[in-house]
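A short write-up of the structure that comes next.
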Amino acid sequence: MEKVCSHSLLSQIISGDPVRPHISAEERLAPSRDVYHLDHKAYICLAYLNYVPYDEKSLLSMQCGPIVVAYTIWSNEKGKGRELILKTRELIKTQDRFERLVTLSPQTEMAMKFHLSNGAELIQENSNSNNFEYEL
């Protein structure tokens, strides 16, 4: 699992994001935000926030805090998305500054199945999104 640090590389990568391709590389690499990849076959975008966001506007405007929010994850190879979310969870568990790992997920059957099958719990249904939480 490696961090993506280059705006130009990330600009190319995000065109493949099926969930939120409209969020720019600059916003994804802003303070309190990170993007990780696994062998350039799976990608996850994280925000470190003070509350659980209920939509994209709240995701992009909240203050920095101890809640890790996975707001998009996608893969180009079967099984890599699962591997990446579980590796992300393990990475977060090793750092004392984080309290929770939650998602801001689209309200799709695919997202529901993905997160529930990987051990997350649905904690909130919003008007246009769902929040799942992974136990740390």
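Things worth noting here:
- Verdict on Ser117 being over 15 Å from the mean Cα position of the chain (by Cα) and at pLDDT 95 or above: yes
- Set side by side, the residues Leu91, Leu49, Leu84 differ, and just one is at pLDDT 95 or above and closer than 15 Å to Tyr134 by Cα, which is Leu84.
- Taking the conditions (1) part of a helix (DSSP H, G or I); (2) within 19 Å of Ser75 (Cα to Cα) in turn, Glu26 satisfies each one other than (2).
- Matching option when the condition is touching a Lys or Arg at 6+ places or on another chain (Cβ under 7 Å), buried (at least 17 other Cβ atoms within 10 Å of the Cβ) and touching a residue at least 24 places away in the same chain (Cβ under 8 Å), among Leu29, Leu10: Leu10
- Unmet requirement for Glu77, which otherwise passes all of (1) without any contact (Cβ under 8 Å) to a residue 40 or more places away in the chain; (2) in a helix (DSSP H, G or I); (3) over 12 Å from the mean Cα position of the chain (by Cα): (2)
- Taking the conditions (1) outside any helix (DSSP H, G or I); (2) of a type outside the set (Asp, Glu); (3) within 24 Å of Ser127 (Cβ to Cβ); (4) within 14 Å of the chain's Cα centre (by Cα) in turn, Tyr43 satisfies each one other than (3).
- Note on segment 58-73: residues that are crowded, with 19+ Cβ neighbours inside 10 Å and part of a strand (DSSP E or B) amount to 7.
- Just one of the listed residues (Asp55, Asp96) is free of Cβ contacts under 8 Å to residues at least 12 places away in the same chain and surrounded by fewer than 15 Cβ atoms within 10 Å (Cβ to Cβ), and it is Asp96.
- All positions within segment 99-126 that are surrounded by 15 or more Cβ atoms within 10 Å (Cβ to Cβ) and part of a strand (DSSP E or B): Arg100, Leu101, Val102, Thr103, Ser105, Pro106
- Look at (1) open to solvent by 80 Å² or more (accessible area, probe 1.4 Å); (2) free of Cβ contacts under 8 Å to residues at least 60 places away in the same chain and you find that Leu86 fails only one, number (1).
- Looking across Val35, Val68, one residue alone is of a type in the set (A, V, I, L, M) and under 19 Å from Ile123 (Cβ atoms). It is Val68.
The values are calculated or read from the model by the stated rules, or taken from the named source; none is laboratory data. Please read these numbers as outputs of a predicted model, since none were measured by experiment. Reconstructed Cβ throughout: ideal geometry from the backbone, glycine too, with neighbour counts over all protein chains shown. The protein model used for the area step is the full one, side chains on, heavy atoms only, and it has no ligands, DNA or RNA in it. Shrake-Rupley method; radii C 1.70, N 1.55, O 1.52, S 1.80 Å.
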